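Have a look at the structure below, then the notes.
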Amino acid sequence: MSGANDLIDFFNANCNASLSPAMEKYMLGQFSFLGIKSPERKQLLRQFLQNYGYPDAAHLEAFVKQLWQTPGRELHYAAMEIASRKTFLKDSERIILIEWMITHESWWDTVDFIASNMAGVWFKLHPQEILPVTSRWMASGNIWLQRTCLLFQLKYRHETDAGLLFGFIEQLASEKEFIIRKAIGWALREYSKTEADAVMQFVETHTLSPLSRREALKVILKRAIP
């Protein structure tokens, strides 16, 4: 195992400043970028982990937080890819780090990955915590925690708790934030691939924003075209 500083130095040594402006523009100037494209970033991370291994569980939180608090969005991506390892998510206390990651340096690019690849996996491993944690997140008023409630079941397919998902949507249906409206539509669209009738019935019997409704019905309407 090596420290976070070694990964930071490794990424900085492979940065491409000429690519940074376009990447920063795509993310609306929210974060600085090192200029490392996704395929190269993933290869660099694989190489680093092959050479040094993963941080041990006891040091994971410090490792992740150091990367997360260092400028360079690619380092944040590396942090969440490391932290999403299932071995780490078996720890019932890991939700503390997950919540911290969701609520710091928050934007859709990290939150959406964390929702389905970390929170979603952690909830499957600790199903008794779903209601206590999501109830707290929904009541928090934090749009990123609320978005995570909507999206953590994206990969659940037939195991989706429809009542839970629909309940979240009912609570947030009047929310005007684009981040929430888009997530409502996305969650329904993804679930429609498994339970189209249930999604159609829900959309027809609930008042949703035009954006949420449009996103929710994309797959259903596409399949209806002969």
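Does Glu129 satisfy the criteria of being out of contact with any strand residue (DSSP E or B) (no Cβ under 9 Å at 6 or more places or on another chain), without any contact (Cβ under 8 Å) to a residue 24 or more places away in the chain and of a type in the set (D, E, K, R)?
Working: out of contact with any strand residue (DSSP E or B) (no Cβ under 9 Å at 6 or more places or on another chain): yes; without any contact (Cβ under 8 Å) to a residue 24 or more places away in the chain: no; of a type in the set (D, E, K, R): yes.
Spelling it out, it is not the case that Glu129 is out of contact with any strand residue (DSSP E or B) (no Cβ under 9 Å at 6 or more places or on another chain), without any contact (Cβ under 8 Å) to a residue 24 or more places away in the chain and of a type in the set (D, E, K, R).
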Six or more apart or on different chains, Cβ under 8 Å: which pairs go from a residue in region 56-67 that's touching a residue at least 12 places away in the same chain (Cβ under 8 Å) to one that's of a type in the set (Asp, Glu) and surrounded by 13 or more Cβ atoms within 10 Å (Cβ to Cβ)? Could you list them?
-> Ala57/Asp91
When region 5-50 is checked residue by residue, the ones that are under 20 Å from the mean Cα position of the chain (by Cα) and surrounded by fewer than 17 Cβ atoms within 10 Å (Cβ to Cβ) are Glu24, Tyr26, Met27, Leu28, Gly29, Gln30, Ser32, Lys37, Ser38, Pro39, Lys42
Inter-residue pairs, beta-carbon under 7 Å, first of a type in the set (D, E, K, R) and in region 97-124, second buried (at least 21 other Cβ atoms within 10 Å of the Cβ) and part of a helix (DSSP H, G or I), 6+ apart = Glu105/His76; Asp112/Leu151
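Only helices (runs of 4 or more DSSP H) wholly contained in region 4-87 count here; list those with 2 or more residues that are touching a helix residue (DSSP H, G or I) at 6+ places or on another chain (Cβ under 8 Å) and not charged (D, E, K, R).
Working: elements: 4-13, 20-26, 38-52, 60-68, 73-83.
So the answer is 4-13, 38-52, 60-68, 73-83.
What about Phe88, is it in contact with a Leu (Cβ under 7 Å, 6 or more places away or on another chain) and surrounded by 18 or more Cβ atoms within 10 Å (Cβ to Cβ)?
Numbers: in contact with a Leu (Cβ under 7 Å, 6 or more places away or on another chain): yes; surrounded by 18 or more Cβ atoms within 10 Å (Cβ to Cβ): yes.
Taking the combined requirement at face value, the residue satisfies it.
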Residue among Ala196, Ala183, Ala187, Ala173 that alone is farther than 26 Å from Trp107 by Cα and small (Gly, Ala, Ser) = Ala196
Selection from region 171-222 of residues that are outside any loop (DSSP other than H, G, I, E, B) and among the charged types (D, E, K, R) | Arg181, Lys182, Arg189, Glu190, Asp197, Glu204, Arg213, Arg214, Glu215, Lys218, Lys222
Restricting attention to region 173-200, the residues that are closer than 17 Å to Gly163 by Cα and loosely packed, with under 12 Cβ neighbours inside 10 Å number exactly 1
Across region 62-83, the tally of residues that are over 16 Å from Asp6 (Cα atoms) and surrounded by fewer than 19 Cβ atoms within 10 Å (Cβ to Cβ) stands at 1
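When you look at Val121, is it in a helix (DSSP H, G or I), of a type outside the set (Phe, Trp, Tyr), within 20 Å of Leu221 (Cβ to Cβ) and touching a Leu at 6+ places or on another chain (Cβ under 7 Å), yes or no?
Working: in a helix (DSSP H, G or I): yes; of a type outside the set (Phe, Trp, Tyr): yes; within 20 Å of Leu221 (Cβ to Cβ): no; touching a Leu at 6+ places or on another chain (Cβ under 7 Å): yes.
No.
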Can you run down the residue pairs with Cβ atoms below 6 Å, 6 or more apart or on separate chains, where the first is in region 199-222 and closer than 13 Å to Ile169 by Cα and the partner is in a loop (DSSP other than H, G, I, E, B)?
-> Leu208/Ala173
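Within region 161-171, is even one residue in contact with a Ser or Thr (Cβ under 6 Å, 6 or more places away or on another chain) and modelled with pLDDT of 95 or more? Outline the logic, then answer.
Going through region 161-171, the residues in contact with a Ser or Thr (Cβ under 6 Å, 6 or more places away or on another chain) turn out to be none.
The answer is no; no qualifying residue exists.
State which residue is farthest from Ala83 (Cα to Cα) when the search covers only region 114-125 and only residues that are of a type outside the set (Val, Ile, Thr) and crowded, with 18+ Cβ neighbours inside 10 Å.
Phe123
The values are calculated or read from the model by the stated rules, or taken from the named source; none is laboratory data. Since the structure is predicted, the reported quantities are computational estimates derived from the model, not experimental observations. Here the Cβ is made from the backbone with ideal geometry for all residues, glycine too, and neighbour counts use every protein chain on show.
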